[in-house]
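Please read the structure below before turning to the comments.
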Amino acid sequence: MADSDIPHTPPLLLPDAIHHAIQPGAAVLRLETTRSREGLLDGAWWPRTRDITTELPALISVLTGHLGPITRVGVDASAWNDLPARLVIGGQVVHLDSDPVGDDTVLITRGHNDHFALLVVPPDTTADAAREAMARAVRADNITQAAQILIATTPEPEDGAADTEG
């Protein structure tokens with residue numbers, strides 16, 4: 001069967017204009033705007049809470065609009081509250097797999113075997129740190145693991161007490 005005979009539409013890419021200002025606590029999705037997919041991560045997500053049944057439907061709805069039907073989502077069960085085995089989102093069953101991927105990554109499966117790895121920015125992250133982490137994650141040349149991006153973009157705690165003593 002020739003490629004032109006395959007009954008599917010090509011995935012849509014998000015335009016650069018989709019990268020609006022991030023508000024503190026907002027659920028935000030950014031995807032690479034390149035077809036190369038050479039970086040370690042394909043995007044980033046900043047959910048508002050650790051309630052997967054509240055947060056995931058919006059993410060899947062947005063991804064489905066750009067990538068097509070999403071069939072599976074791999075998450076770390078310890079990072080989310082009350083992880084179900086599946087959710088019905090937009091009339092589509094999405095299976096949730098509890099994988100030891102770490103709470104810094106979510107694995108999205110489109111079709112049977114097309115995977116997208118998204119950095120998960122923790123809900124309590126500051127807006128500036130979230131913006132920086134998401135920007136690093138979506139760079140086409142990114143070779144930094146998700147956990148390292150989060151460590152690098154988390155501000156150091158202020159230790160003013162030690163500096164003020166004489």
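The set of residues from region 61-77 being within 19 Å of ASP99 (Cα to Cα) and crowded, with 20+ Cβ neighbours inside 10 Å comprises ILE70, VAL73, VAL75. Just to be sure I understand the filter: pairs with C-beta atoms under 7 Å, separated by 6 or more residues or on different chains, first member in region 40-56 and closer than 18 Å to ALA130 by Cα, second member among the charged types (D, E, K, R) and in a helix (DSSP H, G or I). Which pairs pass? The qualifying pairs are PRO47/GLU55; ARG48/GLU55; THR49/GLU55. Which of the residues spanning region 44-83 are over 20 Å from ASP104 (Cβ atoms), in a loop (DSSP other than H, G, I, E, B) and at pLDDT 90 or above? Selection gives PRO69 alone. Given the condition modelled with pLDDT under 90 and closer than 22 Å to SER61 by Cβ, answer yes or no: does some residue in region 139-161 qualify? Scanning region 139-161, I find no residue that is modelled with pLDDT under 90 and closer than 22 Å to SER61 by Cβ, so the answer is no.
May I ask you to list the residues in region 99-128 that are surrounded by fewer than 17 Cβ atoms within 10 Å (Cβ to Cβ), of a type in the set (Gly, Ala, Ser) and either more than 13 Å from THR153 (Cα to Cα) or modelled with pLDDT of 90 or more (or both)? Answer for region 99-128, where residues must be surrounded by fewer than 17 Cβ atoms within 10 Å (Cβ to Cβ), of a type in the set (Gly, Ala, Ser) and either more than 13 Å from THR153 (Cα to Cα) or modelled with pLDDT of 90 or more (or both): GLY102, GLY111. Filtering region 111-152 to residues that are part of a loop (DSSP other than H, G, I, E, B) and without any contact (Cβ under 8 Å) to a residue 60 or more places away in the chain leaves GLY111, HIS112, ASN113, PRO122, ASP124. May I ask you to list the residues in region 136-153 that are within 11 Å of TRP45 (Cα to Cα) and in contact with a helix residue (DSSP H, G or I) (Cβ under 9 Å, 6 or more places away or on another chain)? The one that is within 11 Å of TRP45 (Cα to Cα) and in contact with a helix residue (DSSP H, G or I) (Cβ under 9 Å, 6 or more places away or on another chain): ALA137.
The values are calculated or read from the model by the stated rules, or taken from the named source; none is laboratory data. Quantities reported herein were computed from a predicted structural model and do not represent experimental measurements. So basically every Cβ, Gly included, is an ideal-geometry build from the backbone, and we count neighbours across all protein chains shown.
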